[in-house]
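Engineer: Before I ask anything, here is the structure I am working with.
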Amino acid sequence: MKIAEARVIVTCPDRNFVTLKIVTDEGVYGVGDATLNGRELAVAAYLTEHVVPQLTGRDPARIEDIWQYLYKGAYWRRGPVTMTAIAAVDTALWDIKGKVAGLPVYQLLGGRSRDGVTVYGHANADSIESVLSEIADYVKLGYRAVRVQTGIPGLESTYGVSKDRMFYEPADAAVPTENVWSTAHYLDHVPRVFARVREEFGPTLQLLHDVHHRLTPIEAARLGKSLEPYHLTWMEDPVPAELQEGFRLIRQHTTTPIAVGEVFSSIWDCQQLITEQLIDYIRTTVVHAGGITHLRRIFDLANLYHVRSGSHGATDLSPVCMAAALHLDLSIPNFGLQEYMRHTETTDAVFPHGYRFEGGYLHPGEEPGLGIDIDEDLAARYPYRAASLPVNRLQDGTMHSW
Ligand code: EZ4
Ligand code: CO
């Protein structure tokens, strides 16, 4: 069997997605997600111009060799664009391998380690009172874990709070929307939110919160300490993580668990965080961290150090990434949680899939391969629309992390 053709499909069924479809000379094909939110066309061009011409004629069964060929062969290593492009190829090849074997990919990864993949949903609202009813809606739907974000009094808007109930989509304009941030207002408000949520929902509902890279280590330490009475499952991305040893400072001060990794593209971005046990959950993904092949390496390293998986699953990761993530989530020994923001009906129609939600769990289904497809005719009806993530400034106008 040989790779006959590979094509890049860019579509915008309510939001932009880039998908790689690899077709073999025997007609079997596989799909991989190549979406890098706000920088989609860079990956599309990387694939079309530089990767696809090198793929044709190769044996699709040699997943590891093709991974090494694209990684070492580029000379320029790592980085989100390269690693997302490699991820798309890798994911599509696992899909093909599963279809050829007649087995769902999780069987090729060692089989089920659990009955279902526990997911968390996003409860978000302007005020504490309205976020309580959002959380109640998720509990009613069967969710066992909920991420909680609210508006911050004194700030006009902030990360994680949407206009639409139950959906959140931050990439809203071609030229980034500008938000204003105040750490003082934020640190004052968040503990009040969780005090109220625990009072209302009791001690066992799993609660999470995303700081979205906005604090310094000592500020994150203060937040972690002030949230200790409310037993969060994790505090996410407390600080930007380029400086991995910065997490040691947070660790010294608080028992609130830490999750990080959605912007990482390789095992080297989290090596120190994992081996020095500075985090509790690693949130790297199939699409942004080199595919199933590389993500499994990250999770295996994490397993040695009591670190569990907590993969990013926002709506900018396509249903193709979600399907791939679920096969990995189901099979690894150190699964923690999977983020799950439901896609819109239009997105789901473009990406017919076998995974399903039931009682707080997602199941990847039993179809051979990843159990995911792309309807190319339908995809063609939704052309690309430029959309960027917002930016953040302090009240005096200084650029800050968003
Ligand atoms: O801001 O996926 O945990 N989820 C997140 C997301 C990210 C977006 C960026 O593309 O932090 O909402
Ligand atoms: Co996040």
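The values are calculated or read from the model by the stated rules, or taken from the named source; none is laboratory data. The structure displayed is predicted, hence computed values, not measured ones. A quick note on method: Cβ atoms are made from the backbone with ideal geometry, for glycine too, and the neighbour counts reach across all protein chains shown. Accessible surface areas use protein heavy atoms only, side chains included; no ligands, DNA or RNA. Shrake-Rupley method; radii C 1.70, N 1.55, O 1.52, S 1.80 Å.
Engineer: According to a simple spin-label model (label point 7 Å from Cα along Cα-to-Cβ), what is the distance in nm between Asp25 and Lys163?
Structural biologist: 5.3 nm
Engineer: Over the chain, what is the relative contact order in percent, taking alpha-carbon pairs closer than 8 angstrom and at least six residues apart?
Structural biologist: On the way: 894 pairs, mean separation 91.8, N = 402.
Worked out over the chain, it gives 23 percent.
Engineer: So, in Å, what gap is there between the alpha-carbon centers of region 193-236 and region 254-274?
Structural biologist: Value for the Cα centre distance between the two parts: 18 Å.
Engineer: Would you mind calculating the gained length between Leu108 and Leu41 on full extension (0.36 nm times residue separation, minus the Cα-Cα distance), in nm to one decimal? Please report the intermediate quantities before stating the final value.
Structural biologist: On the way: separation 67, 0.36 × 67 = 24.12 nm, distance 3.21 nm.
Answer, rounded to one decimal: 20.9 nm.
Engineer: Most fluctuating residue of Ala45, Ala123, Ala34 in a GNM of the chain with Cα springs under 10 Å: which is it?
Structural biologist: Evaluated over the chain, the most mobile residue of the options is Ala45.
Engineer: State the antiparallel share, in %, of DSSP beta bridges confined to the chain, rounding to the nearest 5. Show your work: numbers first, answer last.
Structural biologist: Working: 22 of 48 bridges.
Just about 45 percent of them are antiparallel.
Engineer: If the elastic network links every pair of Cα atoms under 10 Å, which of Ala136, Ala87, Ala184 fluctuates the most in the Gaussian network model of the chain?
Structural biologist: So, out of Ala136, Ala87, Ala184, the one fluctuating most is Ala184.
Engineer: Can I ask one more? So how strong a dipole does the chain carry about its Cα centre when Lys and Arg Cβ are +1 and Asp and Glu Cβ are -1, to the nearest 20 debye?
Structural biologist: Around 720 debye, computed over the chain.
Engineer: Over all directions, the average projected area of the alpha-carbon convex hull for the chain comes to how many nm²?
Structural biologist: 18.1 nm²
Engineer: Given Cα pairs under 8 Å that are at least 6 residues apart, what percent is the relative contact order of region 207-269?
Structural biologist: 41 percent
Engineer: If Rh is defined by the Kirkwood formula over all Cα pairs and Rg also comes from Cα, what ratio Rg/Rh do you get for region 140-201? It would help to have the intermediate numbers written out before the result.
Structural biologist: On the way: Rg = 13.8 Å, Rh = 13.7 Å.
Checking Rg against Rh, the ratio lands at 1.01.
Engineer: While we're on this one: For the chain, with all protein chains present and a 1.4 Å probe, just round the carbon and sulfur fraction of the accessible area to a whole percent.
Structural biologist: Within the chain, the accessible surface is 51 percent carbon and sulfur.
Engineer: Pulled fully out, how much extra length does the chain show between Trp76 and Glu345, if you take 0.36 nm times their separation in residues and subtract their Cα-Cα distance? Spell out each step's value before the answer.
Structural biologist: On the way: separation 269, 0.36 × 269 = 96.84 nm, distance 3.86 nm.
Result for the pair: 93.0 nm of gain on full extension.
Engineer: May I pose another question? Which parts of region 282-314 would a label at Trp268 reach, counting a residue when its backbone N lies under 17 Å from a point 7 Å out along Cα-to-Cβ?
Structural biologist: 289-291, 294-295, 297-298
Engineer: Using a 1.4 Å probe on the protein heavy atoms only, what accessible surface does Arg39 show? Give it in Å² to the nearest 10.
Structural biologist: Its accessible surface works out to 150 Å², give or take rounding.
Engineer: Using just the helices of the chain, give the 222 nm mean residue ellipticity in deg cm²/dmol: DSSP H runs with n ≥ 4 each add -39,500 (n - 2.57), and the total is spread over all residues, rounded to 500.
Structural biologist: Working: 14 runs with 142 residues, N = 402.
Computed mean residue ellipticity for the chain: -10500 deg cm²/dmol.
Engineer: Name the shape class, rounded, prolate or oblate, that the alpha-carbon gyration tensor gives for region 73-136, where a ≥ b ≥ c are the square roots of its eigenvalues, rounded holds for a/c under 1.5, and otherwise prolate holds if a/b is larger than b/c and oblate otherwise.
Structural biologist: Oblate shape, in that a/c is at least 1.5 and b/c is the bigger or equal ratio.
Engineer: Can you return the aspartates and glutamates within cross-link range of Lys225? Criterion is Cα-Cα under 20 Å, with same-chain partners fewer than 8 residues away left out.
Structural biologist: Candidates past the 8-residue exclusion: Asp188, Glu199, Asp210, Glu236, Asp237, Glu245, Asp280.
Engineer: Okay, moving on. So how far apart, in nm, are the two label points at Glu200 and Ser133 if each is 7 Å from Cα heading toward Cβ?
Structural biologist: According to this spin-label approximation, the distance is 1.0 nm.
Engineer: Still on this structure, I have one more. Which aspartates and glutamates, if any, have their Cα less than 13 Å from the Cα of Lys2, not counting same-chain residues under 8 positions apart?
Structural biologist: Asp25, Glu26, Asp59
Engineer: In what order, largest first, do Tyr106, Tyr69 sit by accessible area if the probe radius is 1.4 Å? Before the final figure, lay out each step's value.
Structural biologist: Working: Tyr106 10, Tyr69 95 Å².
Listed by decreasing accessible area, they come as Tyr69, Tyr106.
Engineer: Right, another one. So the label point goes 7 Å from the Cα of Glu156 along Cα→C-beta, right? Which residues of region 179-193 then have their backbone N under 12 Å from it?
Structural biologist: In region 179-193, the label zone of Glu156 (backbone N under 12 Å from the point 7 Å along Cα→Cβ) covers 179-181.
Engineer: With an 8 Å Cα cut-off and a minimum separation of 6 or more residues, compute the relative contact order for region 239-315 in percent.
Structural biologist: So the answer I get is 31 percent.
Engineer: I've got another one for you. Taking a probe of 1.4 Å, how large is the accessible area per residue of the chain, in Å²?
Structural biologist: About 40 Å² of surface per residue is accessible.
Engineer: A further question follows. Would you mind estimating how fast region 3-104 diffuses translationally, via Stokes-Einstein at 37 °C and 0.692 mPa s with the Kirkwood radius over Cα pairs, in µm²/s?
Structural biologist: 242 µm²/s
Engineer: To continue, here is another question. Note the full-extension length gain between Asp172 and Glu276 as 0.36 nm times their separation in residues minus their Cα-Cα distance, in nm to one decimal.
Structural biologist: Value of the extension gain: 33.7 nm.
Engineer: Order the following by accessible area, largest value first: Ser388, Ser127. Probe radius 1.4 Å; ligands, DNA and RNA are ignored.
Structural biologist: Final ranking, largest accessible area leading: Ser127, Ser388.
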